[in-house]
1. Suppose we filter segment 192-223 for residues that are within 16 Å of W118 (Cα to Cα) and more than 14 Å from ligand 1 (Cβ to nearest atom); how many remain?
2. What's the total number of residues in segment 215-247 that are assigned to a loop (DSSP other than H, G, I, E, B) and closer than 10 Å to D98 by Cα?
3. Within 19 Å of the chain's Cα centre (by Cα) and hydroxyl-bearing (S, T, Y), is that true of S75?
4. Hey, among G185, G117, which residue is within 12 Å of ligand 1 (Cβ to nearest atom), under 19 Å from the mean Cα position of the chain (by Cα) and not in a helix (DSSP H, G or I)?
5. For the structure I just gave you, tell me whether V109 is on the phi < 0 side of the Ramachandran plot and either under 12 Å from the mean Cα position of the chain (by Cα) or of a type in the set (G, A, S) (or both).
6. Filter the helices (runs of 4 or more DSSP H) completely within segment 28-98 down to those with at least 3 residues that are without any contact (Cβ under 8 Å) to a residue 60 or more places away in the chain.
7. From the list T33, T105, which one is within 22 Å of N201 (Cβ to Cβ) and touching a Gly at 6+ places or on another chain (Cβ under 9 Å)?
8. Here is a list of conditions, (1) part of a loop (DSSP other than H, G, I, E, B); (2) in contact with a strand residue (DSSP E or B) (Cβ under 9 Å, 6 or more places away or on another chain), and S102 meets all of them except one; can you say which number that is?
Amino acid sequence: MLHIKSALDSERFDLVEHDLTEVGFHIIENVITDDEADEAREAIWKLVEEDIENGFDHSYGDGKIRRVWAIVGKSPIFRYFIQHPTVVAVWKRMLGEDVIASTFTANIVGPGAPDGGWHIDYPYWAMQSPFPSGSITGQTVWMLDDFTEENGATACIAGSHKTLRRPELGEAEGLESSVAVAPKGSIMFTNGAIWHQSRANQTDKPRVGLLGMYNRSVIYPQEDMPRQLTDDELAGESDVLKQLLCRNIPFHHPDHGQNFHRTESGFRQA
Ligand SMILES: O=C(O)CCC(=O)C(=O)O
Ligand SMILES: [Fe+2]
């Protein structure tokens, strides 16, 4: 049975909020055990093989970076990760009690892969600047291998989310970046507007990461989250998973109007 290894005390929780607001990212080590990371890593490789067998080539970066989309329904371990209490607690704090999941994928930076290119995450890349200030979306990078300077760890430019715009072509290259070097089993939270990229992998081994994004409930998810589990598959799952997959939005009875409003802790009351 999976066990919860990490729970944040309130001081650490405050630090996460501070860093996400001011710096744009925060790493927590040892959120999952090595065994859990290995189990997820194996599940990803099976999905890669399936993708290839089915004729899906989700590779980019000279064919050396590979994406596996829509993983939440594809193994129980991903259903556990997406609703990990530490992760959900952080995103509820940053994005509202009624937070939803936006996308959950794997990103494998293979040997010899070039850097992934500086960018901002959805929905920012679909928006015009100036972006709204504050947090509307957040990224969770799950490290299923040690992330090192050499093997394609994610790099971020501290404070760049405060520009409220995307980097101009070539702009980020001239700035100092922070590389997310941390052991397998760690996670990095980022503000979705941070300027970031996966770095080049100069080793002979792939670097496997998972990317779980969460939105304020006013922002449409990037992937079709509601349809990744069938009604039957979802029946025995937790309320929080149903919420994250947008499957238990408390719509009002039509006779009672549909005027949800902003609350202290979100948009809809969760
Ligand atoms: O895998 C990584 O290190 C980051 C990838 C990324 O930023 C993305 O796919 O949006
Ligand atoms: Fe990204």
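None of the figures in this text is laboratory data; all of them are computed from the coordinates on show. Since we're looking at a predicted model, the values are computed, not measured. Quick reminder, even Gly has a Cβ in these numbers, built from the backbone with ideal geometry, and neighbours come from all protein chains shown.
1. Residues that pass the stated criteria total 0.
2. Step one: of segment 215-247, the residues assigned to a loop (DSSP other than H, G, I, E, B) are 216-230, 236-238, 245-247.
Filter once more, keeping what is closer than 10 Å to D98 by Cα: 216-218, 246.
Final tally of qualifying residues: 4.
3. Values: within 19 Å of the chain's Cα centre (by Cα): yes; hydroxyl-bearing (S, T, Y): yes.
Taking the combined requirement at face value, the residue satisfies it.
4. On the way: G185 fails: within 12 Å of ligand 1 (Cβ to nearest atom).
Residue meeting the stated conditions: G117.
5. On the way: on the phi < 0 side of the Ramachandran plot: yes; either under 12 Å from the mean Cα position of the chain (by Cα) or of a type in the set (G, A, S) (or both): no.
It is false that V109 is on the phi < 0 side of the Ramachandran plot and either under 12 Å from the mean Cα position of the chain (by Cα) or of a type in the set (G, A, S) (or both).
6. Details: elements: 34-53, 76-82, 85-95.
The helices (runs of 4 or more DSSP H) meeting that bar are 34-53.
7. On the way: T33 fails: within 22 Å of N201 (Cβ to Cβ).
The match here is T105.
8. Condition (1) is where S102 drops out.
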